[in-house]
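Participant: Here it is, the structure, as structure tokens.
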Amino acid sequence: MDVVRFRLELVIDARRPLDVLDAISKAGFYTPLIVDLSEVVPAPEDYYIYGTAPVLQMTVICEGSFMRSSYESVMPKSVKDAITEGRAGGVAKGGAGLSGRPVPSHHPGGGYRSAPRGGRGDLRNDPEGPAPRRGRN
């Protein structure tokens, strides 16, 4: 079993964020870890028209559990070697960090950070995704 973190960026109906999270969770062994909701400013000049219902941009950091046997046949040799040697994803065998200690999912000084007191999440240190966009969403 492999546990993989991934990032989803969605534009959703503003009335249904919990339905979206429920659908993500039911689609597989996916666990939403961090959710960031932000306003989508209408921009018809950029040809982005989402209709008349209010929408939000939702960024979700998830963790998924995948059976390695289902995709190992298409895995590149370099990835297989990294897993065997304990170098895959910066995590050593058994889920411990390269220092041998478990790696917390939220830690000061880097990695993922949760939203401060109900505000927008801070994903600047997300190693898997692009830097947050500036200006209009």
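What follows draws every value from the coordinates through simple rules; no lab data is involved. Source: prediction; values computed, not measured. When we count neighbours, we look across all protein chains shown, and the Cβ atoms used for this are built from the backbone with ideal geometry, even at glycine.
Participant: Multiply the residue gap between Val79 and Met67 by 0.36 nm, knock off their C-alpha separation, and tell me the result in nm, one decimal place. Don't jump to the answer; show the numbers that get you there.
Facilitator: Details: separation 12, 0.36 × 12 = 4.32 nm, distance 1.54 nm.
This chain segment gains 2.8 nm when fully extended.
Participant: According to a simple spin-label model (label point 7 Å from Cα along Cα-to-Cβ), what is the distance in nm between Tyr48 and Arg7?
Facilitator: Placing both labels 7 Å beyond Cα along the Cβ direction yields 1.5 nm.
Participant: Still on this structure, please answer the following. Fully extended, how many nm does the chain gain between Leu18 and Ala88 (0.36 nm per residue separation, minus their Cα-Cα distance)? Mind showing how you got there, number by number?
Facilitator: Details: separation 70, 0.36 × 70 = 25.20 nm, distance 3.29 nm.
Length gained between Leu18 and Ala88: 21.9 nm.
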